[in-house]
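Asks: A single structure is presented below for examination.
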Amino acid sequence: MSSTTVWRHKRWARLREALQETTAEAITTPSEDEVLSVAVGKLSIQQADEGPSTGTSRHDTSVQDTPGGSGASRRSGAQPASCPLPHPPPTIASQLDDLLHIQLSFIQCMIAFSSTGRPLRFIKVPAQDGEFLRWHIDSGKTCNSGKGALHPNDPQNAPFLEYQDGLSMTYLTLKSMKMPAESDKEIGEYHSGLVRQVLEELARLEDLKEWEWERQQTPEDPSQASAFSPAGSRFMINTGASTRFPVGPLAHESVSDRHIASQWTAWSPNAVPVYSYSIVSATSNLLLGLSRQATGLLMAGLRSTIQATLEYARWPGPLLTHDHRLLRQLVRDPRTVLNALDLDPHITTYNCCSRCFALYDLSGDVPDTCQNRAAPESAPCAAKLWRRRRIGDGQVSFPVRKYLHQSLKHWLGRMLSRGEIETWLQVNRWNGGRVRTPMRDIFDGIALQSLRGPDGKRAFLDTLGEELRLVLGLSADGFNPYQMKEAKHSVTSTAIYMVCLNLPESLRHLPENIYLVGVVPGPTKPSLDQINHFLSLVVDELLDFWTPGVYYTKTALRPQGRLVHAALVPLIADLVAARQLSGFGAHNHSRVLCSVCTTPADGVEDTQYTSFVPRDLNTHRAAAKAWLEARTTLEQEELFLNTGVRHSELLRLQYWNPLLYTVVDTMHNLYLGILQRHIRSIWGINVDEKDGDASDISSGAVPERPAELKMAAGTKLLLRASTKQLAKAGKAVLYHLCVDRGLRRAGTISQLVKNLEAWRKKEGFPVEQELATADNNDSLSVDVPVPEYVDGITPGIEKAERTLRGKHASTALRRKHKDILQAMCLARKLDTSGAKDVLADRLLAWPPKSSRSSQHAIGQDTLSAYMEDRSRMILPSWMNAPPLAFGTKQHGKLSADQWRTLCTVNLPVTLIRTWSFQEERRVKMLENFLHIVEAVETFGLLEIDERQIEAAEHLMQKYLDGLKELYKGAKIQPNHHLALHIGVFLRLFGPVHSWRSFVFERFNYFLQSINTNMAFGMSSPAYSVFSIVRATTKIRIGELEMTFMMHSCRAANFRPLLRSPPVQRYMQDFANSLRAADKDDRRGMRLDAILRSVAEDEAPQPNGMPFKGSRPTSLEHHVYRALLERLSFESGNSYVDDREYFREHPAGKSPLSRSAVQCSVVSVSGVQYKPWRRSPGDSNVMFRHPVMGSGSHPGHIDQIFLLSGRSGEDSIGTFLVVKALQPLTPEDAVLDPYRKYPTVGGRLYYKSYSDTTLVLRTDDVVSHFAETLMDHLVVSVPTLDTAGKQTGKMSKTCVHVRPLDRVSGCFTSFCGGGLMNVLS
């Protein structure tokens, strides 16, 4: 059965329940196509997301009104099949179809409507006209009439009135629909449910008007002016309208967002219950993932609780007037709360063409069909932009799909309303144009320090006065909106993000501080230049920010306003998205292997990165301009084929350099690229076979070896022909010529010819200019290698040997005489018994070849050793550990974090223990792998300098050279070449944690996790038909993206409110519980984003968190003596033993208190350290101590305490009590295999701790370490009498220590310098 037929069966099965048993009389069983024609009519508006591709646009409405089975017949070529279900009457089908269209139109209106955050403008004055009079649609009056009428021409009222008018028309349409008496009961209930929903929505709008009326009746309290907007919205941060600079050189239009004001600072006592109720409701819906129905149920429970509390407080008397007023202010619908909180982003809605992704602003005139042209002389797209449906006497039109674009100016305005954000944004990032060493952030690199401002003279970061100079980063990435479900794997939505790099790392990548530009509607990605439609909206605003700048009339710290300039610099995305956004061709384009240098595609194996020729910016811009000005699509395609460059909207930013600002994303390049490829493709994993040496592993399909005659002809060409003739030998011949000579055989024909040319040159073969080619390869003299025959080779045997090597051997060999076949088997020491077919099969299988699976480097032996070490390894809680059996299918894909941990921590421990004692090739494979591990670790440091960058570049080159030598069949990928440029981007932008895409991948996951259930909250069974229909008419892709956009922006705007002073004051228990329930993953690279987030002189002193209910206790004597010892090394120390002080009273000294509070955890640079009794992994610490010299040492934390001064003095600080692991004796240290690889290998220590107690300051803590028990370790011990070696064990049980310092790599001091030796 075809996939199309299966899909049709599924669609009918979903409709069966909605339409079953619609009539009692027997009806002739229709064909499947007849039944499905009705299904198409009911579901045509949705086109069923799971439907197969048919070559028809998913928005094509040509089959909606097709009678009979023609529509279904066009969709499937399957034969009609009988179906035992009754055919629904046309009236029922038509009613259901109309209700579906009304419902979808209603959904789109609800999604599109959002509060503007500005007060409504009434015709009458609320303060003078008494109580508000509600309007009801059945009153006979128009919707905007009576005492509460709004000004119809006021732009602030326009969204509200448009939505109210639309709901009124929907209600009247539903009421006008005639439901015949014989209508299905559930269809009638479905109709009634929609009517009720519209009435509830109209009532909600009246609630909003009543709220606003009562607010305008209440005089504004001047003391609360800082808590709310100047316009006085209930929960909103709001400002006035746009203004202009008065006169002079800065006179230009500016933007004043409604959110430019200070945060909440106070709540009036009578408003606290309403605010708290709203905060809890919004939190449940936006942050905890409750649906609107579930949130409404929670709100009903809260209202009942508040009412019961008031009645209890007033008992036995009645509720007071203000009690009733309070209860009336507790709204019933969560959408009303969200509107009142003013959480909606400032968006512009566009009609997005379903074919070419062209955008049309819905506030202007939108044509019926798309008028976009790919080139000036190309035909217009002509795709339909509107869906139309006739319902009753009217016609409903709505866009084929919508795209919501969030304004950058207004997003930044909301950010500037937050005092803590503006404090960081106004920090001067100008370093005088110099690179800071070591580099800790993106502003320490040369790219931003050398960026010139709009005038072309002054540095962009060299600010003038109070203006802000902001630097932004751009990213785009596709994701599956159906949470990676297998059946939906081909559906893609594309999110576009920006991030403000002026914020510190601890704030920069938080969800509330990321600018979500928009979510491009699916189900497909924009192809090639189609992404420019969306980039142009961003670039338009960026041009305003560049010059003349955007002026905000009021900010949190500048009531008088300030000017803001902004520049987009790094483009941060995976390779495919980065090439698309910047205008380059794909990585496999013959002209643009690399976006940085001019290396051609066939030069991908060149590793001499110092000799790479950089691309020219002027040449690139000229090529992009020529593509843009091409008159026809054919001309554009020819230009793109020759240059690999097309126009990108980002090139409209004159300061933007696509060659240097399109960064190589290390998450995709290193972790998901090179490391994963090395393990899976170059080495290979096979749990069913023993370990191999990966010598025969090939990156692609291995071409079959040609017949010996062709190989002989190829050999002749190799020895005597020109390069041009050699290239004509064919890939299979060239491949096996390389195999026979032990040369690299991966890559294209041109790369194979290069390898053979290098071999000819090395061997000194003379090459003729031309060699006459023979018409018949059979005429060449060929020496066929054969095994040794005791009685000599007869002509028959020689002919049979040739047949055995021919391409028809499997059939021709069986026709030979049996005695010849037996002689051939005997020469090969094979069994000579059996018939001719048996003998031929034995010869064809000789010589026995190793299966491909046996050549996988990681087989049963290595996997068993890995799992053994993995089960013994103790990691800190912030490490994202790989699965125990990563090579098996049940564990699926590994994340970037897991690949990082596996390749940099787990595998080095196992492979050094096992492979370092094996044969020479195995050792070389290990060393080659450790080169890339050390390079990756160095590239990923949070602090880096020029010497470390040079060392990492050298290691990367060394790895690639070793890769080519060890694995002849492994293909060098574009990722490998691009990795040689990572050093360039480190110099430009500093450490990689400032410019990698990990945070955007996490945001994609957040979008996928949003609850996209579009249910209205109807209860069963009254709306059972609605639920069935909703299940069958999946949310269309365009609507999914709208939900993603609105929900994520509301959640981002809501999070800062939870940190406002009144919430922390009046809802402290709620705020603490919410923080405790925060499930944000702070492991792996998420932790890297918060490490060293501020300068050392600005970082607060880490303080321990005392155990719950803990009280001061006296320190043990040995701990107290160790504390005195540690403090004695500090300059200006005046503390002495308290007993000595009271006995001798030394001058200038102070007694050191023995009283301390025990702590459960201390956070140092964002990393949590705990005593070993609470968490063994978090207690393993690398530390420095003055007594033990300058190196770092491993140990575990025995306890953490806060030491307070005497007589109410301030706390002296947080201290850690540690015991160090015992180092190996010189005799055992010689046997330690890990010391051969000091940087990434770690080293062994005895599994015992020193008796000496040490006390540390938090500044003495370096990092955690990974601990692995090595009671199973077998080492290689040199023998005394021979040069050989024998196996043995250490004198005591050992543990392996792998330091996890990812800040500056300073752990190399304990293991002898590590990567610094690479350059020496």
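Asks: Inside the stretch 1238-1248, can you point out the residues that are buried (at least 21 other Cβ atoms within 10 Å of the Cβ) and either modelled with pLDDT of 90 or more or outside any helix (DSSP H, G or I) (or both)? So that I can check it myself, show each step before the final result.
Replies: Narrowing the stretch 1238-1248 to residues buried (at least 21 other Cβ atoms within 10 Å of the Cβ): 1239-1245.
Within the stretch 1238-1248, Val1240, Gly1241, Gly1242, Arg1243, Leu1244, Tyr1245 meet the criteria.
Asks: Could you check Ser595 against (1) in contact with a Pro (Cβ under 9 Å, 6 or more places away or on another chain); (2) of a type in the set (Ser, Thr, Tyr); (3) surrounded by fewer than 20 Cβ atoms within 10 Å (Cβ to Cβ); (4) within 30 Å of Met956 (Cβ to Cβ) and say which number it fails?
Replies: Here Ser595 clears every test but (3).
Asks: Pull up the stretch 933-953, narrow it to residues that are in contact with a Lys or Arg (Cβ under 9 Å, 6 or more places away or on another chain) and part of a helix (DSSP H, G or I), then point me to the one that is most open to solvent (accessible area, probe 1.4 Å). Give the derivation first.
Replies: The first filter runs over the stretch 933-953 and keeps only residues in contact with a Lys or Arg (Cβ under 9 Å, 6 or more places away or on another chain), leaving 935-937, 940-944, 946, 949.
Right, trim to part of a helix (DSSP H, G or I) and you get 935-937, 946, 949.
Numbers: Ala935: 0, Val936: 0, Glu937: 30, Glu946: 80, Ile949: 0 Å².
Applying the filter and picking the extreme gives Glu946.
Asks: Is it the case that Thr715 is modelled with pLDDT of 85 or more, open to solvent by 30 Å² or more (accessible area, probe 1.4 Å) and not in a loop (DSSP other than H, G, I, E, B)?
Replies: Working: modelled with pLDDT of 85 or more: no; open to solvent by 30 Å² or more (accessible area, probe 1.4 Å): yes; not in a loop (DSSP other than H, G, I, E, B): yes.
Answer is no for this residue.
Asks: In this structure, does Thr1268 turn out to be β-branched (Val, Ile, Thr) and not in a strand (DSSP E or B)? Explain how you work it out, then say what you get.
Replies: Working: β-branched (Val, Ile, Thr): yes; not in a strand (DSSP E or B): no.
Judged against the criteria, Thr1268 is not a match.
Asks: Quickly run through the stretch 505-519 and pick out the residues that are closer than 20 Å to Val992 by Cβ and crowded, with 20+ Cβ neighbours inside 10 Å.
Replies: Matches in the stretch 505-519: Glu505, Arg508, His509, Ile514.
Asks: With the condition kept exactly as written, say whether any residue in the stretch 891-905 is open to solvent by 50 Å² or more (accessible area, probe 1.4 Å), over 18 Å from Val933 (Cα atoms) and within 29 Å of the chain's Cα centre (by Cα).
Replies: yes
Asks: Of all residues being of a type in the set (S, T, N, Q) and not in a strand (DSSP E or B) in the stretch 1135-1169, which is surrounded by the fewest Cβ atoms within 10 Å (Cβ to Cβ)? Just the residue, please. Lay out the reasoning, then the answer.
Replies: Of all residues in the stretch 1135-1169, those of a type in the set (S, T, N, Q) come to 1150, 1153, 1155, 1158, 1160, 1163, 1165, 1168.
This time we only want the ones that are not in a strand (DSSP E or B), so: 1153, 1165.
Numbers: Ser1153: 20, Ser1165: 18.
My answer is Ser1165.
Asks: Among Val767, Val702, which is among the hydrophobic types (A, V, I, L, M, F, W, C), more than 29 Å from His808 (Cβ to Cβ), open to solvent by 20 Å² or more (accessible area, probe 1.4 Å) and modelled with pLDDT under 80? Can you show your working first?
Replies: Numbers: Val702 fails: more than 29 Å from His808 (Cβ to Cβ).
The unique qualifying residue is Val767.
Asks: Could you pull out the residue among Arg458, Arg414 that is closer than 27 Å to Tyr551 by Cβ and buried (at least 16 other Cβ atoms within 10 Å of the Cβ)? Give the steps one after another, and end with the answer.
Replies: Numbers: Arg458 fails: buried (at least 16 other Cβ atoms within 10 Å of the Cβ).
Checking each option against the conditions leaves just Arg414.
Asks: Checking Gly834 against (1) surrounded by 15 or more Cβ atoms within 10 Å (Cβ to Cβ); (2) not in a loop (DSSP other than H, G, I, E, B), only one condition comes out false. Which one?
Replies: The failed condition is (2).
Asks: Still on this structure: I need every pair where a residue in the stretch 910-932 that is of a type in the set (A, V, I, L, M) has its Cβ under 8 Å from the Cβ of a residue that is outside any helix (DSSP H, G or I), sequence separation at least 6 or different chains.
Replies: As it stands, the answer is Ile912/Tyr1237; Met925/Asp693; Met925/Ala694; Met925/Ala857; Leu930/Tyr1237, since those pairs meet every condition given.
Asks: Exactly one condition in (1) in contact with a helix residue (DSSP H, G or I) (Cβ under 6 Å, 6 or more places away or on another chain); (2) among the hydrophobic types (A, V, I, L, M, F, W, C); (3) surrounded by fewer than 14 Cβ atoms within 10 Å (Cβ to Cβ) is not met by Val604; state its number.
Replies: (3)
Asks: What number of residues in the stretch 737-749 are more than 37 Å from the chain's Cα centre (by Cα) and open to solvent by 50 Å² or more (accessible area, probe 1.4 Å)? Steps first, please.
Replies: Initial filter on the stretch 737-749 (more than 37 Å from the chain's Cα centre (by Cα)): 737-743.
Those still in the list that are open to solvent by 50 Å² or more (accessible area, probe 1.4 Å) too: 739-741.
So the answer is 3.
Asks: Same structure, new question: Look at Asp1228 and say whether it is modelled with pLDDT under 95, of a type outside the set (S, T, N, Q) and crowded, with 16+ Cβ neighbours inside 10 Å.
Replies: Details: modelled with pLDDT under 95: yes; of a type outside the set (S, T, N, Q): yes; crowded, with 16+ Cβ neighbours inside 10 Å: yes.
Spelling it out, Asp1228 is indeed modelled with pLDDT under 95, of a type outside the set (S, T, N, Q) and crowded, with 16+ Cβ neighbours inside 10 Å.
Asks: Follow-up question, since we're still on this one. Looking only at the stretch 363-393, how many residues end up being out of contact with any Cys (no Cβ under 9 Å at 6 or more places or on another chain) and at pLDDT 90 or above? Spell out how you get there, then give the answer.
Replies: Step one: of the stretch 363-393, the residues out of contact with any Cys (no Cβ under 9 Å at 6 or more places or on another chain) are 363-368, 375-379, 386-393.
Checking which are at pLDDT 90 or above leaves us with 365-368, 375-379, 386.
The qualifying residues number 10.
Asks: Still on this structure: How many of the residues in the stretch 645-672 are assigned to a helix (DSSP H, G or I), open to solvent by 10 Å² or more (accessible area, probe 1.4 Å) and either β-branched (Val, Ile, Thr) or closer than 20 Å to Leu902 by Cβ (or both)?
Replies: Count: 2.
Asks: Could you list, in sequence order, all residues of the stretch 866-881 that are of a type outside the set (D, E, K, R), open to solvent by less than 20 Å² (accessible area, probe 1.4 Å) and part of a helix (DSSP H, G or I)?
Replies: The one that is of a type outside the set (D, E, K, R), open to solvent by less than 20 Å² (accessible area, probe 1.4 Å) and part of a helix (DSSP H, G or I): Tyr866.
Asks: For the stretch 698-717, enumerate the residues that are closer than 19 Å to Lys964 by Cα and in contact (Cβ under 8 Å) with a residue 24 or more places away in the chain. Let's see the steps before the verdict.
Replies: Applying the first criterion (closer than 19 Å to Lys964 by Cα) to the stretch 698-717 yields 698-702.
Once the filter is applied, which keeps residues that are closer than 19 Å to Lys964 by Cα and in contact (Cβ under 8 Å) with a residue 24 or more places away in the chain, the stretch 698-717 yields Ser698, Ser699, Gly700, Val702.
Asks: Look through Leu310, Leu302, Leu327 and report the one residue that is among the hydrophobic types (A, V, I, L, M, F, W, C), free of Cβ contacts under 8 Å to residues at least 24 places away in the same chain and more than 30 Å from Leu96 (Cβ to Cβ).
Replies: Numbers: Leu302 fails: free of Cβ contacts under 8 Å to residues at least 24 places away in the same chain; Leu327 fails: free of Cβ contacts under 8 Å to residues at least 24 places away in the same chain.
Only one candidate passes the filter, namely Leu310.
Asks: Restricting to the stretch 941-1000, name every residue that is among the polar types (S, T, N, Q), out of contact with any Leu (no Cβ under 9 Å at 6 or more places or on another chain) and under 22 Å from Leu448 (Cα atoms). If you could, list the steps in order and put the result at the bottom.
Replies: First, the residues of the stretch 941-1000 that are among the polar types (S, T, N, Q): 948, 957, 973, 975, 994, 997.
Next cut, out of contact with any Leu (no Cβ under 9 Å at 6 or more places or on another chain) only: 973, 997.
The answer is Ser997, and nothing else.
Asks: So, one more: How many residues, within the stretch 157-181, are open to solvent by 40 Å² or more (accessible area, probe 1.4 Å) and farther than 17 Å from His101 by Cα?
Replies: 5
Asks: Here is a further query. In this structure, does Thr423 turn out to be more than 27 Å from His405 (Cα to Cα), open to solvent by 10 Å² or more (accessible area, probe 1.4 Å) and not in a loop (DSSP other than H, G, I, E, B)? Working first, answer last.
Replies: Numbers: more than 27 Å from His405 (Cα to Cα): yes; open to solvent by 10 Å² or more (accessible area, probe 1.4 Å): yes; not in a loop (DSSP other than H, G, I, E, B): yes.
In short, yes.
Asks: Out of the residues in the stretch 524-562 meeting the condition of being open to solvent by 50 Å² or more (accessible area, probe 1.4 Å) and among the hydrophobic types (A, V, I, L, M, F, W, C), tell me which one is farthest from the chain's Cα centre (by Cα).
Replies: Checked the stretch 524-562; the qualifying residue farthest from the chain's Cα centre (by Cα) is Leu557.
Asks: May I pose another question? Taking the criterion of being closer than 30 Å to Val520 by Cβ, in contact (Cβ under 8 Å) with a residue 40 or more places away in the chain, in contact with a Lys or Arg (Cβ under 7 Å, 6 or more places away or on another chain) and not aromatic (Phe, Trp, Tyr), would at least one residue in the stretch 414-426 satisfy it?
Replies: Step one: of the stretch 414-426, the residues closer than 30 Å to Val520 by Cβ are 414-418, 421, 425.
Now restrict to residues that are in contact (Cβ under 8 Å) with a residue 40 or more places away in the chain: 414-418, 421, 425.
Cutting the leftovers down to in contact with a Lys or Arg (Cβ under 7 Å, 6 or more places away or on another chain) gives us none.
There is no residue in the stretch 414-426 that is closer than 30 Å to Val520 by Cβ, in contact (Cβ under 8 Å) with a residue 40 or more places away in the chain, in contact with a Lys or Arg (Cβ under 7 Å, 6 or more places away or on another chain) and not aromatic (Phe, Trp, Tyr).
Asks: Next question. Could you grab me the full set of residues in the stretch 557-587 that are farther than 20 Å from Gln654 by Cβ and assigned to a helix (DSSP H, G or I)?
Replies: Leu575, Val576, Ala577, Ala578, Arg579, Gln580
Asks: Look through Asp1088, Asp1097, Asp1138 and report the one residue that is modelled with pLDDT under 85, in contact with a Leu (Cβ under 9 Å, 6 or more places away or on another chain) and within 30 Å of Ile514 (Cα to Cα). Steps first, answer last, please.
Replies: Values: Asp1097 fails: in contact with a Leu (Cβ under 9 Å, 6 or more places away or on another chain); Asp1138 fails: within 30 Å of Ile514 (Cα to Cα).
The conditions single out Asp1088.
Asks: Residue pairs, Cβ under 8 Å, 6 or more apart or interchain, first in the stretch 373-386 and aromatic (Phe, Trp, Tyr), second in a loop (DSSP other than H, G, I, E, B) and open to solvent by 60 Å² or more (accessible area, probe 1.4 Å). List them.
Replies: These pairs meet every condition: Trp386/Asp368.
Asks: Evaluate the stretch 1198-1214: report whether one residue or more is more than 15 Å from His1264 (Cα to Cα), hydroxyl-bearing (Ser, Thr, Tyr) and touching a Cys at 6+ places or on another chain (Cβ under 9 Å).
Replies: The initial filter retains those residues of the stretch 1198-1214 that are more than 15 Å from His1264 (Cα to Cα), namely 1199-1214.
Subset that is hydroxyl-bearing (Ser, Thr, Tyr): 1204, 1207, 1211, 1214.
Next, from what is left, pick out any that are touching a Cys at 6+ places or on another chain (Cβ under 9 Å): 1214.
Checking the stretch 1198-1214: at least one residue is more than 15 Å from His1264 (Cα to Cα), hydroxyl-bearing (Ser, Thr, Tyr) and touching a Cys at 6+ places or on another chain (Cβ under 9 Å).
The values are calculated or read from the model by the stated rules, or taken from the named source; none is laboratory data. Here the structure is a predicted model, which means the values were calculated and not measured. FYI the Cβ positions are ideal-geometry reconstructions off the backbone, even for glycines, and counts take in every protein chain you see. Surface areas here come from the heavy atoms of the whole protein model, side chains and all, with no ligands, DNA or RNA. Shrake-Rupley method; radii C 1.70, N 1.55, O 1.52, S 1.80 Å.
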